[in-house]
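The values are calculated or read from the model by the stated rules, or taken from the named source; none is laboratory data. Keep in mind it's a predicted model, so treat the numbers as computed, not measured. Neighbour counts run over all protein chains shown; Cβ positions are idealised from the backbone, glycine included. In case anyone asks, the SASA skips ligands and DNA or RNA and just uses the protein heavy atoms, side chains included. Shrake-Rupley method; radii C 1.70, N 1.55, O 1.52, S 1.80 Å.
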Amino acid sequence: MAILIDGKAVAAAIKDELKSFVEEKAKEGKHACLAVIQVGNDPASSVYVGNKKKACAYIGIGSESFELPGETTENELMELIDRLNADDKITGILVQLPLPRHIDPDKVIRRISPAKDVDGFHPMNVGALSIGEDCFVSCTPQGIMELLKRYDIETEGKECVVIGRSNIVGKPMAMLLLRGNGTVTVCHSKTRDLKEICKRADILVAAVGRPKMIDHEYVKPGAVVIDVGIHRMENSKLCGDVDFDDVMPLCSAITPVPGGVGPMTIAMLMKNCCKNL
Ligand code: NDP
């Protein structure tokens, strides 16, 4: 019977640990404050921003919210980022993606000071991750490493296969698994023999963005399966990139959707917000 990796419970425990940490730091007069910028009113983004602010409030991290109209120009957004970069009270800056089409997200990411880049998207942090230096690490893959650690799932010497090579999930995931001494293969839409490669994996991470694509044909018996995907189905329930019911009987441990990787992403954002306290 597969172990169900309970990201919700682990995330709750981490938030409580951070709450105590923040209380201790407050006694030394040290405070964290996250600036959250949203441009436009995409409903999904509003939910994510709301959840981040709620998590900050729970832990005791300050948050300042900037809800800008959809017509905000790139220059106006850059000016706000410059102001926040220079503001000592602000210790972290997050720009909620996606941005309206007239704003270049790469330019925006590069404008945030790497020292306040709590999403870990700035090229300086990405570069530091790849050469093994201390840095802000992208929250979702960092959360997956934390789940593996807390469930005593060893990465050293393991065959790790990551499906997906995005800058925010697939690539940093591969870097972290490599840092954990795994033998890492990264697959993408041009990969040939995907099923055969996935079937080699001791640890399979699906960050492919296709609902229920990964079924038993991709999974080696006894593998650990991590499902990053999140999709709303027609019946309004959520599902992942993994066909959970099909894969679960086969694997040794699996993350559910919802309640697996998702809650860890916010928990790691909060951890990043506390990093330099
Ligand atoms: P992207 O769309 O940026 O990347 C998807 C990757 O999957 C790409 O590298 C793509 O390859 C690859 N891919 C697509 N189709 C196939 C295929 N048929 N076979 C093999 N590889 C394929 O997605 P993200 O990395 O941003 O996100 C992945 C999933 O994770 C999404 O469902 C997203 O909603 C979810 N997500 C969840 C988070 C959470 O907190 N739980 C956080 C972030 C994302 P190529 O590069 O060649 O195009």
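Here is how the numbers come out for the structure above:
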| quantity | calculated |
| --- | --- |
| Within the accessible area of the chain (1.4 Å probe), percent carbon and sulfur | 53 percent |
| Accessible solvent surface per residue of the chain, calculated while the other protein chains remain in place, 1.4 angstrom probe, Å² | 49 Å² |
| Sorted peptide list for 142-153, 1-12, criterion being average Cβ within 10 angstrom, highest first | 142-153, 1-12 |
| Residue-wise HN-Hα coupling along segment 112-126, computed from phi with Karplus coefficients 6.51, -1.76, 1.60 (Hz; x: Gly, Pro) | 5, 4, x, 6, 10, 7, 5, 7, x, 9, 5, x, 5, 6, 4 |
| ³J(HN,Hα), Karplus 6.51/-1.76/1.60, whole Hz, each residue of segment 185-191, x for Gly, Pro | 10, 10, 10, 8, 5, 9, 5 |
| Distant-in-sequence amide H partners of E159 (H built 1.01 Å from N, under 5 Å) | T183, D202, I203 |
| Separation of the K237 and M78 label points, Cα + 7 Å toward Cβ, nm | 4.8 nm |
| Long-range HN-HN contacts of V95 with modeled amide H, under 5 Å | I37 |
| Angle in degrees between helix 7-27 and the longest Cα principal axis of the chain, rounded to the nearest 10 | 30 degrees |
| Rg and Dmax of the chain, Cα atoms only, in Å | 18.9, 56 |
| Segment 233-244 - phi-based ³J(HN,Hα) in whole Hz, Karplus 6.51/-1.76/1.60, Gly and Pro as x | 8, 4, 7, 6, 7, 8, 9, x, 7, 9, 7, 3 |
| Other-chain or far-sequence residues with amide H under 5 Å of A32's (modelled H) | G62 |
| Length gained when the stretch N41-R192 is fully extended (0.36 nm per residue, less Cα-Cα span) | 50.4 nm |
| Ranking by accessible area, most exposed first, for I163, I197 with a 1.4 Å probe | I197, I163 |
| Solvent-accessible surface (1.4 angstrom probe) belonging to Y48, in square angstrom, nearest 10 | 110 Å² |
| The chain: relative contact order as a whole-number percent, Cα under 8 Å and 6+ apart | 22 percent |
| Relative contact order (%) - criterion: Cα under 8 Å, at least six apart; region: segment 29-113 | 42 percent |
